[in-house]
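The values are calculated or read from the model by the stated rules, or taken from the named source; none is laboratory data. In this text, all values refer to a predicted model and were calculated from it rather than measured experimentally. Don't worry about glycine lacking a Cβ; one is built from the backbone with ideal geometry, like all the others, and counts go over all protein chains shown. Surface accessibility is based on the protein's heavy atoms, side chains included, excluding ligands, DNA and RNA. Shrake-Rupley method; radii C 1.70, N 1.55, O 1.52, S 1.80 Å.
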Amino acid sequence: MSNISLSEYREVIKDTFDYDGFKNDDQRRAVEIVMSGAKNILISMATQAGKSLCFQIPSSFQRDGIILVISPSISLITNQVSKLNRFRLPATSITSVLPEASRNEILRELADYKNTPYRFIYMTPEMIVNGGLKTREMIFTLMSKNQISHVVVDEAHCVIDKAYDFRGAFTSLKLIREGYPQIPWIAITTASIKKLHEIAAFLSMTEAYNL
């Protein structure tokens with residue numbers, strides 16, 4: 001585990017997110033797991049347990065690189081990006097609803113990866129896989145140059161949920177995961193223990209925690 005004390009966590013949580021401390025013990029444990037340095041982590045937590053903060057809090061301590069968050073919902077992406085920017089954690093999204101000019105501007109800012117203003121990039125699986133050559137090339141270039149510090153799969157149960165079978169891009173996440181094995185992945189879900197093992201196998205995650 002990391003050597004960060006509970007008081008240091010509380011200070012960051014208060015200063016950055018304006019909370020007095022961890023929401024619950026599960027959230028604290030999840031943050032400590034992420035901070036442990038484990039290469040690939042799958043965490044299952046209860047709904048409303050504060051899953052997003054499990055990778056957002058560590059970003060205040062691990063400042064190098066961009067965190068790529070893969071989310072199934074554009075509305076969820078919009079909400080998360082808005083919150084992060086409100087917390088002064090620079091975030092952006094590349095989605096199908098973004099005008100082409102805005103997308104190209106973000107890609108230009110990402111191309112200067114040593115000076116990019118962004119700490120978080122939110123995308124749907126479809127945007128990574130089918131979002132156009134320039135977008136794919138930029139994301140995979142950032143990965144190959146180790147400028148992506150972590151990949152986060154939010155709502156990770158979607159990769160095995162039959163209701164999402166029509167979204168074939170989810171099946172490509174494993175290939176991306178295997179193509180860039182040097183990048184740590186964090187998958188967050190509310191799935192049951194049984195599904196947790198299925199998700200871990202699908203994404204080739206080496207550590208799974210049911211909190």
Checklist entry - Of the heavy-atom accessible surface of region 1-107 (probe 1.4 angstrom), what whole percent is carbon and sulfur? => result 46 percent
Checklist entry - Å³ per residue of the Cα convex hull, for region 36-137? => result 126 Å³
Checklist entry - Where only protein heavy atoms count, and the probe is 1.4 Å, what is the accessible area per residue for region 37-139 in Å²? => result 44 Å²
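Divide by every residue of the chain the summed helix terms, -39500 (n - 2.57) for each DSSP H run of at least 4, and state the resulting mean residue ellipticity at 222 nm, rounded to the nearest 500 deg cm²/dmol.
Computed ellipticity for the chain at 222 nm equals -11000 deg cm²/dmol.
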Checklist entry - Within region 131-179, which chymotrypsin sites (Phe, Trp or Tyr not before Pro) sit in a loop by DSSP and count at most 11 neighbouring Cβ atoms inside 10 Å? => result Phe166
